[in-house]
Amino acid sequence: MYQINGYLEASTISEAIDYLNKNDNAQIIAGGTDVLIKTRERKGGYVDRDLVGIMRIPELKGIKIDAEGNIVIGATSSFTEVEENEIIKSNIPSLCTAVGSVGGPQIRNMGTIGGNVANGATSADSASTLFALDTIVRIASKEGIREVPIEEFYLGPGKVALNKGEILTSFVILKKNYKGFKGDYIKYSHRKAMDIATLGCSVMIKINGQIIEELKIAYGVAGPTPVRAKGAEEYGVGKEISQEVLNEIGEMCLKDTSARDSWRASKAFREQLIRELPKRAINNAIGGGFNA
Amino acid sequence: MLKKINCIINGEPKEIEVDVRESLLDMLRNRLHLTGTKQGCGVGECGACAVLIDGNTIDSCIYMAVWADGKNITTIEGISKPDGSLSDIQQNYVDKGAVQCGFCTPGFVISTTALLNKNDDPSRDEIRRGLSGNLCRCTGYQKILDAVETTVEQRRNSKK
């Protein structure tokens with residue numbers, strides 16, 4: 001038995017919002033691969049809650065391209081659904097790599113991309129790629145819909161910009177942020193499955209000849225929240241790609257991040273990864289050629 | 001709080017009254033006495049409790065029983081043939097020495113079943129990935145991979 005107080009199966013977004021507004025003890029549950037584990041482990045804030053299930057709300061499901069060519073990913077799309085989706089596979093393969101690196105098959109079948117972001121973990125495998133894509137987080141409340149850039153959605157470890165009565169409904173990836181880009185996500189972890197990233201690095205790059213036209217570098221576990229390496233990005237844009245430029249990008253990423261010691265790895269080791277992984281990710285994204 | 005749910009379990013439609021606090025694993029083992037599905041870690045790490053829901057593997061220890069409403073569930077009891085004889089996957093686990101203590105085996109057979117339904121010609125790496133949500137502390141995995149590869153080969157040969 002899970003130590004919960006009650007369970008409501010919401011069938012519409014407004015039903016879920018109403019319940020969240022009138023019950024201070026309510027807690028949203030999507031695929032349960034995080035919430036149910038925390039409940040079982042009796043983590044603070046996850047015991048005796050009134051859970052609200054949102055997996056049967058049709059509007060939260062599905063992945064589509066809208067009229068402007070923007071990709072909209074429903075919050076309760078499972079990792080498997082994102083990984084195997086044709087729109088994502090053909091437009092943002094690095095996001096497939098990212099969600100495909102989560103846990104194992106059973107976790108990927110239940111865990112959702114919305115839950116991965118909404119729980120506010122810096123290690124979320126999908127988050128750094130969503131950062132590199134300048135993703136917009138769409139949030140519903142009884143006042144209507146609001147949109148928040150994903151960088152502003154993360155407030156601190158486990159803290160996100162969801163107020164009482166709000167639900168994360170979807171992610172919007174603008175056409176200008178994926179079209180013409182190549183990308184890669186590298187998860188560094190001790191095991192190839194069922195592990196949490198020691199460090200994750202996602203890169204989106206637009207290259208014209210050998211000139212870097214646009215560059216986005218984002219990390220997980222390189223700070224209390226996922227983070228962009230904007231200084232390194234600015235340095236890289238306009239440069240002709242070379243081993244020296246790649247090395248300098250790696251060095252500059254250190255200034256934009258704040259790795260720390262944990263039982264998984266030391267600060268020094270994470271800093272080495274912060275230097276190395278963007279080089280490897282850029283090299284993979286552009287099809288090789290450098291000693292990364 | 002009790003709730004009535006309807007689902008199909010191993011091909012049979014069922015109406016079951018469950019406590020909303022129950023996991024699917026609790027429901028299968030304690031209400032339906034389908035004890036082939038094992039509880040290992042209880043937190044989705046080991047895969048001993050894996051079952052198929054609409055053809056996809058999930059860990060039933062972190063799946064609420066109420067979520068089973070309207071779903072088609074297959075447990076290890078539904079993998080064996082109706083006369084109780086083993087499926088080809090199960091038989092190969094036995095023949096290849098992929099079963100030692102046996103506690104992880106139902107979960108592995110479930111994951112193997114789902115993997116081969118999705119991909120009938122997986123590489124060894126794809127098999128490893130497909131079974132990466134299941135832990136085995138006895139075999140060292142090689143014999144499990146052998147059992148899966150043998151099944152793939154046999155199925156390929158029987159199609160010729």
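The values are calculated or read from the model by the stated rules, or taken from the named source; none is laboratory data. Since this is a predicted model, take the numbers as computed values, not measurements. Note that each Cβ is placed from the backbone with ideal geometry, even for glycine, and that neighbours are counted across all protein chains shown.
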query = Quick one: A:ARG146 ticks every box in (1) without any contact (Cβ under 8 Å) to a residue 60 or more places away in the chain; (2) part of a loop (DSSP other than H, G, I, E, B) bar one, so which box is it?
reply = (2)
ask   = Can you pull out the residues in region B:1-29 that are within 10 Å of chain A (Cβ to nearest Cβ) and out of contact with any Leu (no Cβ under 9 Å at 6 or more places or on another chain)?
value = B:MET1, B:LYS3, B:ARG21, B:GLU22, B:ASP26
Test set (1) away from chain B (no Cβ under 14 Å); (2) closer than 21 Å to A:ILE286 by Cα - A:LYS187 fails condition number = (1)
query = Among the listed residues A:VAL82, A:VAL72, which satisfies the condition of being closer than 20 Å to A:ILE113 by Cα, touching a Lys or Arg at 6+ places or on another chain (Cβ under 8 Å) and not in a loop (DSSP other than H, G, I, E, B)?
reply = A:VAL72
key: Residue selected from region B:127-160 under the condition surrounded by fewer than 21 Cβ atoms within 10 Å (Cβ to Cβ), in contact (Cβ under 8 Å) with a residue 60 or more places away in the chain and not hydrophobic (A, V, I, L, M, F, W, C), by the criterion farthest from B:GLN100 (Cα to Cα)   = B:ARG155
ask   = In region A:10-40, how many are in contact with a strand residue (DSSP E or B) (Cβ under 6 Å, 6 or more places away or on another chain), of a type outside the set (A, V, I, L, M) and within 14 Å of another protein chain (Cβ to nearest Cβ)?
value = 2
key: Among the residues listed as A:LYS89, A:LYS43, the single one being away from chain B (no Cβ under 14 Å) and either free of Cβ contacts under 8 Å to residues at least 12 places away in the same chain or more than 14 Å from A:ILE113 (Cβ to Cβ) (or both)   = A:LYS89
request  = Among the strands (runs of 3 or more DSSP E) lying completely within region B:43-153, list those that include at least 1 residues that are farther than 24 Å from A:LYS192 by Cα and either within 9 Å of another protein chain (Cβ to nearest Cβ) or out of contact with any Leu (no Cβ under 6 Å at 6 or more places or on another chain) (or both).
outcome  = B:50-53, B:72-74
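Go through region B:18-55 and count every residue that is of a type in the set (S, T, N, Q) and surrounded by fewer than 18 Cβ atoms within 10 Å (Cβ to Cβ).
3
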query = Looking at region A:39-62, is at least one residue assigned to a helix (DSSP H, G or I) and in contact with a Ser or Thr (Cβ under 6 Å, 6 or more places away or on another chain)?
reply = yes
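How many residues does region B:30-42 hold that are of a type in the set (Lys, Arg) and assigned to a loop (DSSP other than H, G, I, E, B)?
1
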Among the residues listed as A:ALA232, A:ALA259, the single one being buried (at least 18 other Cβ atoms within 10 Å of the Cβ), within 24 Å of A:VAL117 (Cα to Cα) and outside the structural domain of A:ALA121 (by TED's automatic domain parsing) = A:ALA259
message = Looking only at region A:107-137, how many residues end up being in contact (Cβ under 8 Å) with a residue 60 or more places away in the chain and part of a strand (DSSP E or B)?
response = 1
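Among the candidates B:TYR93, B:TYR63, single out the residue that is in the same structural domain as B:VAL152 (by TED's automatic domain parsing) and either without any contact (Cβ under 8 Å) to a residue 60 or more places away in the chain or closer than 21 Å to B:ASN117 by Cβ (or both).
Details: B:TYR63 fails: in the same structural domain as B:VAL152 (by TED's automatic domain parsing).
Criteria check complete, one pass: B:TYR93.
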